[in-house]
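Single-structure report; data block below.
The values are calculated or read from the model by the stated rules, or taken from the named source; none is laboratory data. From a predicted model like this one, the values you see are computed outputs, not experimental measurements. As a convention, Cβ positions derive from the backbone with ideal geometry for all residues, glycine included, and neighbour counts pool all protein chains shown. For the accessible areas, the whole protein counts, side chains as well, though only heavy atoms, and no ligand, DNA or RNA atoms are used. Shrake-Rupley method; radii C 1.70, N 1.55, O 1.52, S 1.80 Å.
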Amino acid sequence: MRPGMQSKYKEMPCVGGYLDGSVASIGTGNARKFAGMDAAWGSKPLALFQTSDSRSDTLEDLGKYSTWVKWAEPTAEALRQACLGYQSRISQQMPELPSVFISRINVSNSKFLGPIDVAFNSQYNSVIGGRGTGKSTILDYLRWGLCDQAAQAGDDELADPTVRREKLVEQTLKPVSGQVEVYFTINEIPHVVRRDSATGEILLKVGDDEFEKVRESHVRSLLPIHAYSQKQLSSVALRVDELTRFVTSPVKRDLDAVDQRISELAGRIRENYAKVQRAQHLDVTIRQQRLAKRSLAEQAANLRNSLTDLSQDDRMVLDSKPDYDRIGQSLQIQERDLHQVNGSAAALINELEQVSRGLEDLIDAPAHLNDLVTAVLTANRSAIEGLHEAVAAGATAFAQTQEAGSTSQLAKTALEREISDFEIRYEEVKQRSTSHQTHLKELAQIEAQRKSVADLLQQHELDRRTLGDPRTLHSELRSEFVALFWERSSLLSEECIRLTKLSQGLLRASINRGRGINAIEQKFRATIQGSGVRGGRVEQLFSGLRDESAPLATWEEVLNEIESILLLEADAQHTSEATPNLTRLGFPIADQHRIRTQITPDSWLDLSLTPISDEPVFEYQTKEEEFIAFSAASAGQQATALLRVLLSQTGAPLIIDQPEDDLDSQVIQDVVAQIWKTKSGRQIVFASHNANLVVNGDAELVVACDYRKAGDQSGGKISLQGAIDVPGLRDEITKVMEGGEKAFRLRKERYGF
């Protein structure tokens, strides 16, 4: 690199070089030369190896600088290949590798391919071969073993990859009872899925555990691969749900967690709403029973006052009847409440004992946390023991009051005896009033009714008190329910922003929050069916809801208004002031009255728990700040944008069968450059006919397929597998993808390279 050495540098046949020390110290000028950006120095890129500078006496820099080289075997050819593909094979920093990857596929037997066993690289894998040699079959077996749900490109059977894959399994695996085993690793934990074509059984093994039966959804949740068949990438834009997968897949675990919380919360809302209904029924019943009790008490008082031929003492007995009844009823209520509280205390003591036993879980702590754990454990034990002692002491005190001979029991017995004696005197007074037999008979009936109503009222008041305040809890749960949907929307919105950046501006994704109301519209129509409301009214209601700036918030108000209609008494009327949103959205009072006959509390609850979804919007950028609907872009434009996104994402493996079929040829080299970056964070498995993708993309593993018999497409085989470093594989790539060495050289001469 000394001045005047340009010609020597140009003639140098090497594809790589080394320097003492760090590549960070080479300077801007030399960096341009090494990158092939200086024509005076030959415009030839050079791979760099930084080495330790051990020339000092102290050897202080020995081992300080390192370079990592990726190769299949430690040979000179492998080193040359690494230099030619230095973008992905040479690193001056500790290389990053995907933490989630498929490590192997084993097919016990196949009518088409026979037994196969492929050990995948954690980075970029390419399956090559002529048409009909089994490239797509290997990928389909892989996806079938992982229970992948294929992206739908259309509605007809030929366009449905799932149908074609099932036919492949039916025709090639079932006749020989083939089993597919797929090995994959998630954060260093090995997993194995074994799928049997004959029985349909799916077994899963995690780590050192035994195999156990699972469902397809279990496998998909563990390893949600992103996979596309031939020509699918350019056709998924025809289906919004497939485009939506580009937004949901990277945040699937987060979305699943939110959805799980939504599901659990919906269950709690259903459970609590039963209490809301019970509380509403009890509130109405209690009001009616209190009125009945008061009326019967007044009727009894009037009848007693009508008894005129009584002595002053007898009159005092009759007048005292309400007081004795009130005391007797109060005594019953207190007795019942005390026993209920005592039962609660016993349950609390049992719960405290369970909590105390649970504290032992803190004992097995790392040594450096022992002191802190001991302090927390001591404090918690003290708190639990204090509560236990207090509650136990209270329970003991209560038990003592219930013992025969205790002060409270003696007083209670005396009071009960006094009330009993009064009842005897009261009956004697009624018997002495012989001139009012009709009134006395009526009084006896009314007092019996009043006692029956009072007893029932007492039980209902207890039941109502036990329910607490379920209406307030319902409002809180409902607010939490709505908040979870906002959280879900925020996840999608943030991912849309990231997706737009990953496509480098080609694809613009956004979320219309709360616009997906088809589900609630269908539910509403089904709920009010038979009410006589015209379909146009329903359409007008939901059309107006779609046009709202905040559909989710408006729908919550509408739900509250529908429930208020549901709770009206049968003969009650209401005005538009009570239902402003329904009226404003074009659902008039007359129709609101009609739906009262059809909506039940259960159907209203089902309606309230039907979610409003978010509608994704996808656009393609034709030029700066100008966008068209993504579906209006050409197939090549769509595929380029989507593949750019896929290659920018990390996470689960990406599997595509012949991606070049969807791409314009001039963007292939851009895709290659993206592959270099992507494979450090995401495993790639491509089947391809394009040499640029395989060779320039620098596939770590190449699996070469061939016919079992030359020219016979009834059976294929894996002829070779390994890295490009292997001479036999390079020859196979040249033959299959370049048309052979002669064709390759002829093109070179014609192009003048």
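So, in region 91-111, how many residues would count as being in contact with a helix residue (DSSP H, G or I) (Cβ under 9 Å, 6 or more places away or on another chain) and crowded, with 20+ Cβ neighbours inside 10 Å?
Within region 91-111, residues that are in contact with a helix residue (DSSP H, G or I) (Cβ under 9 Å, 6 or more places away or on another chain) and crowded, with 20+ Cβ neighbours inside 10 Å number 4.
Could you figure out which of (1) part of a helix (DSSP H, G or I); (2) more than 20 Å from G328 (Cα to Cα); (3) of a type outside the set (G, A, S); (4) open to solvent by 40 Å² or more (accessible area, probe 1.4 Å) isn't true of L352?
Here L352 meets the rest and fails (4).
Could you grab me the full set of residues in region 254-273 that are among the hydroxyl-bearing types (S, T, Y) and open to solvent by less than 70 Å² (accessible area, probe 1.4 Å)?
If we filter region 254-273 for residues that are among the hydroxyl-bearing types (S, T, Y), which is where we start, we get 263, 273.
Hit for region 254-273 is Y273, nothing else.
Here is a list: S489, S503, S479. Which entry is farther than 15 Å from H593 by Cα, under 28 Å from the mean Cα position of the chain (by Cα) and without any contact (Cβ under 8 Å) to a residue 40 or more places away in the chain? Let's see the steps before the verdict.
On the way: S489 fails: without any contact (Cβ under 8 Å) to a residue 40 or more places away in the chain; S503 fails: without any contact (Cβ under 8 Å) to a residue 40 or more places away in the chain.
Criteria check complete, one pass: S479.
Would you pick out the residues in region 575-599 that are open to solvent by 50 Å² or more (accessible area, probe 1.4 Å), of a type in the set (D, E, K, R) and assigned to a helix (DSSP H, G or I)?
Answer for region 575-599, where residues must be open to solvent by 50 Å² or more (accessible area, probe 1.4 Å), of a type in the set (D, E, K, R) and assigned to a helix (DSSP H, G or I): E577, R584, R594.
Suppose we filter D319, D314, D323 for residues that are more than 15 Å from A454 (Cβ to Cβ), surrounded by fewer than 13 Cβ atoms within 10 Å (Cβ to Cβ) and not hydrophobic (A, V, I, L, M, F, W, C); which single one remains? Walk me through it before giving the result.
Numbers: D314 fails: surrounded by fewer than 13 Cβ atoms within 10 Å (Cβ to Cβ); D323 fails: more than 15 Å from A454 (Cβ to Cβ).
When all the criteria are applied, what remains is D319.
Restricting attention to region 120-167, which residues are open to solvent by less than 40 Å² (accessible area, probe 1.4 Å), part of a loop (DSSP other than H, G, I, E, B) and at pLDDT 80 or above?
Listed by number, the residues that qualify are F120, S122, Q123, G130, G132, T133, G134, L146, C147, D148.
Determine if region 328-343 includes at least one residue that is more than 55 Å from the chain's Cα centre (by Cα) and either at pLDDT 80 or above or of a type in the set (S, T, N, Q) (or both). Before the answer, list the steps.
Looking only at region 328-343, we keep the residues that are more than 55 Å from the chain's Cα centre (by Cα), and these are 328.
When the remaining residues are screened for being either at pLDDT 80 or above or of a type in the set (S, T, N, Q) (or both), the result is 328.
Among the residues of region 328-343, at least one is more than 55 Å from the chain's Cα centre (by Cα) and either at pLDDT 80 or above or of a type in the set (S, T, N, Q) (or both), which makes the answer yes.
Scan region 522-559 residue by residue and report those that are open to solvent by less than 40 Å² (accessible area, probe 1.4 Å), part of a loop (DSSP other than H, G, I, E, B) and in contact (Cβ under 8 Å) with a residue 60 or more places away in the chain.
Result: I528, S531, V533.
Look at A24 and say whether it is at pLDDT 90 or above and of a type in the set (A, V, I, L, M). Before the answer, list the steps.
Numbers: at pLDDT 90 or above: no; of a type in the set (A, V, I, L, M): yes.
For A24, the condition - at pLDDT 90 or above and of a type in the set (A, V, I, L, M) - is not met.
Go through (1) buried (at least 17 other Cβ atoms within 10 Å of the Cβ); (2) without any contact (Cβ under 8 Å) to a residue 12 or more places away in the chain for Q288 and report which single condition fails.
Of the numbered conditions (1) buried (at least 17 other Cβ atoms within 10 Å of the Cβ); (2) without any contact (Cβ under 8 Å) to a residue 12 or more places away in the chain, the odd one out for Q288 is (1).
Within the group V482, V453, which residue is closer than 30 Å to L282 by Cα, in contact with a Lys or Arg (Cβ under 6 Å, 6 or more places away or on another chain) and assigned to a helix (DSSP H, G or I)?
On the way: V482 fails: in contact with a Lys or Arg (Cβ under 6 Å, 6 or more places away or on another chain).
Going through V482, V453 in turn, just one is closer than 30 Å to L282 by Cα, in contact with a Lys or Arg (Cβ under 6 Å, 6 or more places away or on another chain) and assigned to a helix (DSSP H, G or I): V453.
Mind counting the residues in region 357-399 that are open to solvent by 80 Å² or more (accessible area, probe 1.4 Å) and either at pLDDT 85 or above or part of a loop (DSSP other than H, G, I, E, B) (or both)?
Of the residues in that region, 5 qualify.
Would you mention how many residues in region 456-479 are out of contact with any Phe, Trp or Tyr (no Cβ under 9 Å at 6 or more places or on another chain), more than 30 Å from D614 (Cβ to Cβ) and in a helix (DSSP H, G or I)?
Residues flagged as out of contact with any Phe, Trp or Tyr (no Cβ under 9 Å at 6 or more places or on another chain), more than 30 Å from D614 (Cβ to Cβ) and in a helix (DSSP H, G or I) within region 456-479 amount to 12.
Can you confirm whether region 734-742 contains a residue that is loosely packed, with under 12 Cβ neighbours inside 10 Å and either among the aromatic types (F, W, Y) or without any contact (Cβ under 8 Å) to a residue 40 or more places away in the chain (or both)? Quick ask: steps written out before the conclusion?
Going through region 734-742, the residues loosely packed, with under 12 Cβ neighbours inside 10 Å turn out to be 741-742.
Within this subset, residues satisfying the condition of being either among the aromatic types (F, W, Y) or without any contact (Cβ under 8 Å) to a residue 40 or more places away in the chain (or both) are 741-742.
Yes, region 734-742 contains at least one residue that is loosely packed, with under 12 Cβ neighbours inside 10 Å and either among the aromatic types (F, W, Y) or without any contact (Cβ under 8 Å) to a residue 40 or more places away in the chain (or both).
Criterion first (in a helix (DSSP H, G or I), open to solvent by 30 Å² or more (accessible area, probe 1.4 Å), in contact with a Leu (Cβ under 9 Å, 6 or more places away or on another chain) and acidic (D, E)) does D614 satisfy it? Give the derivation first.
Details: in a helix (DSSP H, G or I): no; open to solvent by 30 Å² or more (accessible area, probe 1.4 Å): yes; in contact with a Leu (Cβ under 9 Å, 6 or more places away or on another chain): yes; acidic (D, E): yes.
So D614 does not fit the description; no.
Can you pull out the residues in region 168-180 that are more than 21 Å from G132 (Cα to Cα) and buried (at least 18 other Cβ atoms within 10 Å of the Cβ)? Before the answer, list the steps.
So the first thing to find is which residues in region 168-180 are more than 21 Å from G132 (Cα to Cα), and the list is 177, 179.
Q179 - this is the single residue of region 168-180 that is more than 21 Å from G132 (Cα to Cα) and buried (at least 18 other Cβ atoms within 10 Å of the Cβ).
Determine which member of the set D662, D706 is charged (D, E, K, R), open to solvent by less than 10 Å² (accessible area, probe 1.4 Å) and farther than 20 Å from G85 by Cβ.
Exactly one of D662, D706 is charged (D, E, K, R), open to solvent by less than 10 Å² (accessible area, probe 1.4 Å) and farther than 20 Å from G85 by Cβ, namely D662.
Return the only residue of A652, A641, A704 being within 35 Å of the chain's Cα centre (by Cα) and not in a loop (DSSP other than H, G, I, E, B). Steps first, please.
Numbers: A652 fails: not in a loop (DSSP other than H, G, I, E, B); A704 fails: within 35 Å of the chain's Cα centre (by Cα).
Answer to the check: A641.
Just need a number here: residues in region 673-692 that are closer than 29 Å to N187 by Cβ, part of a helix (DSSP H, G or I) and open to solvent by less than 20 Å² (accessible area, probe 1.4 Å).
2
Identify all residues within region 230-242 that are at pLDDT below 80 and either crowded, with 18+ Cβ neighbours inside 10 Å or part of a helix (DSSP H, G or I) (or both); write none if there are none. Before you say what the answer is, go through the steps one by one.
Restricting attention to region 230-242, the residues satisfying the condition of being at pLDDT below 80 are 233-242.
Scanning region 230-242 gives L233, S234, S235, V236, A237, L238, V240, D241, E242.
Which of the residues spanning region 38-84 are in a helix (DSSP H, G or I) and either in contact with a Leu (Cβ under 9 Å, 6 or more places away or on another chain) or open to solvent by less than 60 Å² (accessible area, probe 1.4 Å) (or both)? Talk me through it step by step, then tell me what you get.
Within region 38-84, the first condition is being in a helix (DSSP H, G or I), and the residues that meet it are 39-41, 76-84.
Selection gives A40, W41, E77, A78, Q81, A82, C83.
If you scan region 313-336, which residues turn out to be in contact (Cβ under 8 Å) with a residue 12 or more places away in the chain and farther than 27 Å from L462 by Cβ?
Those that are in contact (Cβ under 8 Å) with a residue 12 or more places away in the chain and farther than 27 Å from L462 by Cβ: D314, V317, L318, D319, S320.
Could you please find all residues in region 7-37 being assigned to a helix (DSSP H, G or I) and surrounded by 14 or more Cβ atoms within 10 Å (Cβ to Cβ)? Don't jump to the end; show me each part of the working.
Step one: list which residues in region 7-37 are assigned to a helix (DSSP H, G or I), which gives 7-11, 23-25, 27-34.
Answer for region 7-37, where residues must be assigned to a helix (DSSP H, G or I) and surrounded by 14 or more Cβ atoms within 10 Å (Cβ to Cβ): Y9, V23, N30, A31, K33, F34.
So which strands (runs of 3 or more DSSP E) are wholly in region 187-229 and hold at least 2 residues that are closer than 18 Å to G651 by Cα, open to solvent by less than 30 Å² (accessible area, probe 1.4 Å) and not hydroxyl-bearing (S, T, Y)? Steps first, please.
On the way: elements: 189-196, 202-206, 226-228.
Those strands (runs of 3 or more DSSP E) span 226-228.
Got a number for residues in region 492-512 being hydrophobic (A, V, I, L, M, F, W, C) and closer than 22 Å to G636 by Cα? Give the steps one after another, and end with the answer.
The initial filter retains those residues of region 492-512 that are hydrophobic (A, V, I, L, M, F, W, C), namely 492, 496-497, 499, 502, 506-507, 509, 511.
Then drop every residue that is not closer than 22 Å to G636 by Cα, which leaves 496, 499, 502, 506-507, 509.
Residues meeting the conditions: 6.
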